[in-house]
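Comments concern the structure below.
The values are calculated or read from the model by the stated rules, or taken from the named source; none is laboratory data. Given the structure is predicted, the values throughout are model-derived calculations rather than measurements. FYI the Cβ positions are ideal-geometry reconstructions off the backbone, even for glycines, and counts take in every protein chain you see. Just the protein is used for accessible areas: all its heavy atoms, side chains included, with ligands, DNA and RNA removed. Shrake-Rupley method; radii C 1.70, N 1.55, O 1.52, S 1.80 Å.
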Amino acid sequence: MGEDAESPKINHTFLRDYVTEADVISTVEFNQTGDLLATGDKGGRVVIFQREIESKGESEEVGETGDSGEYNVYSTFQSHEPDFDYLKSLEIEEKINKIRWLPQQNAAHFLLSTNDKTIKLWKVSERDKRPEGYNLKDEEGRLKDISTITSLQVPVLKPTDLMVEVRPRRVFANGHTYHVNSISVNSDGETYLSADDLRINMWHLGITDRSFNIVDIKPANMEDLTEVITAAEFHPQHCHLFVYSSSKGTLRLCDMRASALCDRHTKLFEEPEDPGSRSFFSEIISSVSDVKFSHSGRYLLTRDYLTAKVWDLNMDKGPVETYQVHEYLRSKLCSLYENDCIFDKFECVWNSSDSVIMTGAYNSFFRMFDRETGRGVTLEAWRESSKPRAVLRTRRVYTGGKRRRGDVGVDSLDFTKKILHMAWHPSENIIAIAATNNLYIFQDRVNPETQAQ
């Protein structure tokens, strides 16, 4: 009786905060129109969200402009399963490392997803009709006895409930010895690249049994290894150009017209190191975790542990803009090294006009920087702000001086709540933020009265 009396006392806070490893979101990506949003998680699942267009009446009720609606679950499927490499006696995780959408050619959508070793091409299509009136099959799909067929009929398509079908169309396997960290679709719409720690391969979307190795930095003796590839991406307009970043903080722009094997870069982007500020952690925090071309193709955006940088393709001497994401952590590098947080890989994204950049931080914070003014803002992705029509609140980390109400001290930051993955709508101010197992979608909605003022 005593046990039954205690049973209702459940720690709901613990249940709410308890997260299984498989549910942690590992990648977020909008398609080219922004109507679909795909997420991948550590359990190998891909969830696709579709944007529901709001009616004009609903928009007017809340006094807002635009035809923007909410994103609802469109389809969910298992992309990758756990595997085992018997030659190396290594387990291959099912975790989805990257998702990339292909440009839409017809009514169907195509996307690439990859784990550490295998890349898959998926077809996402809708079906709202089903054929009826087969001559050789009955209604349940079983073959009829031919002797019972006395007349022929023309099959017809009957309306049915909408079904979303997701089918694997290609499996690109055995192309990488090391863990795949990037995939990027080329502007030609026919090829894509995949990068691991030491090599970059180029694939044709129609050929699965071979790829072309375009970068190989593996030394003859692995003891001579000094850096690894951390990210790679094709130029948005020029199909012969691509860039890759390294753990030494360098960027290499390569031109495939110059050579089939791009071991010799066309341009090297590197920031000169200040000898006076060198420390044990210098090389670790200078490692580039993400690189993105601007939509115009003129600039590169990179993220290392403490900063986000913008580089001009025409100026390889150093970055043209540097933004301090969380400089207050520089004094905490020793403890961050001990708890492995110093190796976290933060992503960075551009807005549609390349005027604002966004990247993640700790304590469920993410940062936006206006390139024109150079000003940055810290925002928080948390449950209260996920309520419909809630306004995002700005936050500030207290580092000294006068403390304001609501400031968060550096020692109070929660390093388990990290914003690593994010995406920005290709044409509107809509952002998707992955915070552990939660996906937050925020939208900049303009009130007509405020706009008039």
For the chain, what's the radius of gyration and Dmax over Cα atoms, in angstrom? 25.1, 93
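Could you work out what % of the accessible surface of the chain is carbon and sulfur, using a 1.4 angstrom probe and leaving DNA, RNA and ligands out of the count?
Details: 12280 of 25180 Å².
Its accessible area is 49 percent carbon and sulfur atoms.
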Explain nothing, just the number: dipole magnitude of the range 286-429 about its Cα centre with +1 on each Lys and Arg Cβ and -1 on each Asp and Glu Cβ, in debye rounded to the nearest 20. 640
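Between residue 315 and residue 171, what's the calculated FRET efficiency when r is the beta-carbon distance and R0 is 30 Å? Round to 0.05.
Working: r = 42 Å, r/R0 = 1.38.
So, using R0 = 30 Å, E works out to roughly 0.10.
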Pairs 309/345; 98/218; 248/417; 88/120; 117/292: which exceed 20 Å Cα-Cα? 98/218; 248/417; 88/120; 117/292
Find which of 122, 146, 133 sits farthest along the positive direction of the dipole of the range 108-169, computed with +1 on the beta-carbon of Lys and Arg, -1 on that of Asp and Glu, about the Cα centre. 122
Any idea which of 433, 363, 301 is furthest toward the positive side of the dipole for the chain, if Lys and Arg beta-carbons carry +1 and Asp and Glu beta-carbons -1? 301
Let me have the relative contact order for the chain, percent, based on Cα pairs under 8 Å that are six or more residues apart. 10
Please list, in order along the range 159-173, the HN-Hα scalar couplings obtained from phi with the Karplus expression 6.51 cos²θ - 1.76 cosθ + 1.60 (θ = phi - 60°), rounded to whole Hz, x for Gly and Pro. x, 9, 4, 5, 10, 9, 9, 10, 10, x, 9, 9, 10, 9, 10
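Local charge sum around residue 174 (other residues, Cβ-Cβ under 10 Å, Lys/Arg +1, Asp/Glu -1)?
Details: positive: 117, 210; negative: 209.
So the environment of residue 174 carries a net charge of +1.
Per DSSP H run of n ≥ 4, the term is -39500 (n - 2.57); total these for the chain, divide by its residue number, and report the mean residue ellipticity at 222 nm rounded to 500 deg cm²/dmol. Please report the intermediate quantities before stating the final value.
Working: 6 runs with 33 residues, N = 453.
Computed mean residue ellipticity for the chain: -1500 deg cm²/dmol.
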Can you list the residues, at least 5 places off or on another chain, whose amide H is less than 5 Å from the amide H of residue 235, using H built in the peptide plane? 241, 242, 243
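Provide the gained length on full extension for the span residue 344 to residue 373, in nm with one decimal, where the gain is 0.36 nm per separating residue minus the Cα-Cα distance. Please list the in-between numbers first.
On the way: separation 29, 0.36 × 29 = 10.44 nm, distance 2.85 nm.
Using 0.36 nm per residue and subtracting the Cα-Cα distance, I get 7.6 nm.
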Go through the chain and flag any cysteine with no other cysteine's C-beta closer than 4.7 Å, please. 239, 334, 341, 348
Proximal lysines relative to residue 158, as straight alpha-carbon distance under 29 Å, when same-chain residues fewer than 8 apart are discounted: 123, 129, 137, 144
For residue 186, the net charge from surrounding residues (Cβ-Cβ under 12 Å; K, R +1; D, E -1) works out to -2
Using the Cβ atoms and a cut-off under 15 Å, what net charge is assigned to the surroundings of residue 372, where Lys and Arg are +1 and Asp and Glu are -1? -1
Return the long-range amide H neighbours of residue 287 (sequence gap of 5 or more, or a different chain), with a cut-off of under 5 Å between placed amide H atoms. 305
Rg/Rg_globular for the range 320-413, with Rg_globular taken as 2.2 N^0.38 Å and Rg from C-alpha atoms: 1.17
Given a 1.4 Å probe, the accessible area of the chain per residue, as a whole number of Å², is 56
Around residue 214, which amide H atoms from residues at least 5 apart in sequence, or from another chain, sit under 5 Å from its own amide H, with H modelled in the peptide plane? 200, 201, 202
Per-residue HN-Hα couplings for the range 26-38 [Karplus 6.51, -1.76, 1.60; θ = phi - 60°; Hz; x = Gly/Pro]: 10, 6, 9, 7, 7, 7, 5, 8, x, 6, 10, 9, 10
Roughly how many whole Å is it from the C-alpha centroid of the range 159-235 to that of the range 396-417? 41
Ordering of 321-332, 304-315, 35-46 by packing [mean C-beta count within 10 Å, highest first]: 35-46, 304-315, 321-332
